[in-house]
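**Student:** This is the structure I have questions about; it appears just below.
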Amino acid sequence: MEDFDRYFWRSGPEGFWKLERQQEFREPGLESWEAFRRGHWDESLTLIEGQRSHYERYFRRIAGCGFSLHHVRCARGVLLRRTGA
């Protein structure tokens, strides 16, 4: 992690690009993910909301370092287009 942090916080104006290509997304031990996995959507969203200040500080720090973070996740499966209103 030290190596990652050293390069991450010095990304520069081109930004930091993270490309993930996982077949299945899992975050065992993360409370919001565990709630989502159990089908407790409202609990999951509440837990994520409780982390808002952490993420606000994190992204302010990134902006203060003069770069932006871009995250692309490729997921397996077909996206269905919604029709109607």
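The values are calculated or read from the model by the stated rules, or taken from the named source; none is laboratory data. The shown structure was predicted, so the numbers you read here are calculated from the model rather than taken from an experiment. Neighbour counts are summed over all protein chains in view; Cβ atoms, including those assigned to glycine, are modelled from backbone coordinates with ideal geometry. To get the accessible areas, we keep the full protein, side chains included, count just its heavy atoms, and leave off ligands, DNA and RNA. Shrake-Rupley method; radii C 1.70, N 1.55, O 1.52, S 1.80 Å.
**Student:** Could you work out the relative contact order of the chain, using alpha carbon pairs under 8 angstrom and six or more residues apart, expressed as a whole percent?
**Tutor:** RCO, the chain: 47 percent.
**Student:** When ranked by the protection proxy of mean other Cβ atoms within 10 Å per residue, highest first, what sequence do the peptides 58-68, 1-11 form? Mind showing how you got there, number by number?
**Tutor:** Working: 58-68: 12.4, 1-11: 9.7.
Descending packing order for the listed peptides: 58-68, 1-11.
**Student:** Ignoring any ligand, DNA or RNA, what whole percent of the accessible area of the chain comes from carbon and sulfur when the probe is 1.4 angstrom?
**Tutor:** Reported share for carbon and sulfur atoms: 54 percent.
**Student:** At 1.4 Å probe size, with every protein chain present, just tell me what the per residue accessible area of the chain comes to in Å².
**Tutor:** I get 91 Å² per residue for the chain.
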